[in-house]
Structure formats: structure tokens, C-alpha cells
Amino acid sequence: MSASLQGKVALVTGARAGLGAATVLALAELGATVIASGRKAGDCAEVIAAVTAKGGKASELVLDVGDLAAIPARAAVALALYGRIDILVNNAATIEPMAKLSALDALAFDRSLTVNVSGPAALVAALWPDLKGGRVVNVVSGAANHAMSGWSAYCAGKAALMMLTRSIELEGAEIGLRGFAFAPGLVDTDMQASIRAAKINQISEVPRENLQPPERPARVIAWLASGVADDLAGQYVDIRQEGLMERVEG
């Protein structure tokens with residue numbers, strides 16, 4: 001069965017550039033109507049223009065996943081755009097603070113967890129009744145399973161997002177909602193540029209030419225969202241897993 005998202009509406013957070021923008025395009029290519037969200041008005045204008053230029057349909061939503069109090073109202077605005085949301089891609093994230101625990105800034109650590117975990121959880125909760133029969137794809141990382149020096153906040157957040165995915169899969173069973181945790185590997189994004197500049201751990205030393213283009217993991221996200229890979233729901237799915245890309249591109 002080939003992947004298709006015809007008639008579906010998807011919301012992608014952190015869609016201004018990088019993996020988020022590539023995911024908007026990948027979802028639209030499978031036929032989805034896409035809501036691209038960024039923190040400021042106009043953040044997603046470029047990717048929306050790219051979708052419409054190809055005959056697709058997309059709209060912008062101003063949404064800061066770190067502003068927990070505003071999320072229910074912003075979710076309501078998203079729903080009002082097309083009357084439904086079938087797919088949620090929790091992509092927005094922060095790598096900051098990058099620092100050793102001995103120099104921990106507790107407020108910065110808390111802010112990281114708010115953006116990387118609490119915001120996605122709040123968005124899922126706000127959209128829960130309307131995600132019946134839908135899919136949530138949470139973008140995690142190898143950092144969910146492996147501690148990295150200087151990344152205590154990021155690793156803790158991605159590990160928590162993995163468990164949030166399992167909770168979505170568990171509790172979503174009663175409404176037909178499936179949850180996926182996808183690790184895209186090392187992708188050529190602004191976040192990776194920040195990691196290289198920080199020189200904080202071994203990932204900082206990975207040359208840019210060794211990073212993969214965001215379009216590759218974006219195709220996996222759209223594929224997971226389509227419902228053809230529900231055998232992977234609730235699991236940790238890594239783009240580097242043997243045979244995964246063959247399934248996606250087969």
C-alpha cells in the first residue's frame with residue numbers, strides 16, 4: 001500500500017526552516033493540507049509559497065510551543081483553519097542550554113524541557129478530541145537513548161518525549177490515535193550549526209558535509225503519518241535502522 005495523505009490536514013511545529021519546512025513539503029507532496037507553524041508571523045511564508053507553487057494547500061499558524069498558557073487558544077485557531085487536524089508533527093525544539101551540569105542554569109534547563117516536552121504534550125492534549133483516528137509524530141533523537149556531555153537538558157527532554165510518545169500510543173488506543181517517535185539522525189539544519197559552534201561534544205566535530213539533507217528524514221515523517229507504518233507506532237524509530245529507508249522508498 002502506497003502512502004497517501006489525500007484529504008488529511010497536518011500541523012507541523014517549528015516549520016520555518018530545516019526539518020520542519022522540509023516536512024511541510026513532504027506532507028503536501030502526499031496530498032495533505034498543511035498548517036505550518038512558527039513563533040512569529042511570516043516565519044513560514046517561504047515554505048507556504050513553495051507548497052502553493054506546486055499546487056498544494058498550506059497556511060501559517062503563529063505558535064510558540066514554549067508559551068504553554070497560549071497553546072489551547074492557538075490550537076483552536078489551528079482547528080478553525082480547515083475544521084480538522086488529522087496529523088500533528090511535534091518538530092519544534094531547542095538544543096540550548098549547551099553546558100556542563102557543573103555550570104547548570106536551572107531556569108534555562110527548565111525552559112528547554114518546556115519547549116521540548118511540555119509544549120508538545122500541551123498541544124497533544126489541546127487537540128486530543130480532534131485527533132481521533134489520527135497520527136502524532138514526535139521528533140526525538142539518538143539523545144533520547146544516549147547521554148551526551150553538555151546536553152543534559154536536550155537528552156532529558158528527548159528521553160521524556162519518547163515516553164510521551166508511548167503514553168500517546170497507550171491512551172490513544174481508545175480513539176484510534178497512534179503515536180510515533182522518530183529520530184532523524186544528523187541533519188543539516190541551523191541546530192547543527194549551533195552544535196558545531198559550541199564545540200561541546202563529539203557531535204560538534206561532525207563536518208557539515210557528513211550531514212544529511214532535511215528532505216530525507218522529512219519523507220520518513222510523512223510516511224509514518226500516512227498510516228502505512230502503524231506497526232512502528234509507540235516504538236523508537238531511527239532513520240539509521242536497517243531496512244527503514246527501503247520501506248519508505250519501496
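The values are calculated or read from the model by the stated rules, or taken from the named source; none is laboratory data. In this text, all values refer to a predicted model and were calculated from it rather than measured experimentally. Don't worry about glycine lacking a Cβ; one is built from the backbone with ideal geometry, like all the others, and counts go over all protein chains shown. What goes into the accessible areas is simple: the full protein's heavy atoms, side chains included, and nothing from ligands, DNA or RNA. Shrake-Rupley method; radii C 1.70, N 1.55, O 1.52, S 1.80 Å.
Which order do Leu131, Leu113 take when ranked by solvent-accessible area (1.4 Å probe, heavy atoms of all protein chains), largest first? Spell out each step's value before the answer.
Values: Leu131 0, Leu113 50 Å².
Highest to lowest solvent-accessible surface, that is Leu113, Leu131.
Compare Phe182, Phe109 by solvent-accessible area with a 1.4 Å probe and give them largest first, with all protein chains kept in place.
Sorted by accessible area, descending: Phe109, Phe182.
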By how many nm would the segment from Ala173 to Asn145 lengthen if fully extended, with 0.36 nm per residue of separation less the alpha-carbon distance? 7.6 nm
Low-density loop positions, trypsin sites (Lys or Arg not before Pro), the range 101-151 - DSSP coil, at most 14 other Cβ in 10 Å: Lys132
Sequence gap at least 6, Cα distance under 8 Å: using those rules, report the relative contact order of the range 58-131 to the nearest whole percent. 46
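In debye to the nearest 20, how big a dipole does the chain give about its Cα centre with +1 on each Lys and Arg Cβ and -1 on each Asp and Glu Cβ?
Numbers: 22 positive and 25 negative charges, 44 e Å.
The calculation lands at about 220 debye.
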Would you mind getting the accessible area per residue of the range 96-250, heavy atoms of the protein chains only, 1.4 Å probe, in Å²? 46
So for the chain, taking the charge dipole from beta-carbon charges (+1 Lys/Arg, -1 Asp/Glu), which of Ser141, Ala76, Ala160 sits furthest toward the positive end? Ala76
Output the relative contact order of the chain, whole-number percent, from Cα pairs under 8 angstrom with separation of 6+ residues. 19
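What does the helix-only formula give at 222 nm for the chain: each DSSP H stretch with n ≥ 4 adding -39500 (n - 2.57), the total divided by the residues, and the result rounded to the nearest 500 deg cm²/dmol?
On the way: 9 runs with 96 residues, N = 250.
Value at 222 nm, helices only: -11500 deg cm²/dmol.
Return the subset of Lys132/Lys158; Lys57/Lys158; Lys100/Lys158; Lys54/Lys158; Lys40/Lys100; Lys8/Lys132 for which the Cα-Cα distance in this structure is over 23 Å, preserving the input order.
Details: Lys132/Lys158 25 Å; Lys57/Lys158 31 Å; Lys100/Lys158 17 Å; Lys54/Lys158 34 Å; Lys40/Lys100 31 Å; Lys8/Lys132 12 Å.
The pairs that break the limit, which is 23 Å between Cα atoms, are Lys132/Lys158; Lys57/Lys158; Lys54/Lys158; Lys40/Lys100.
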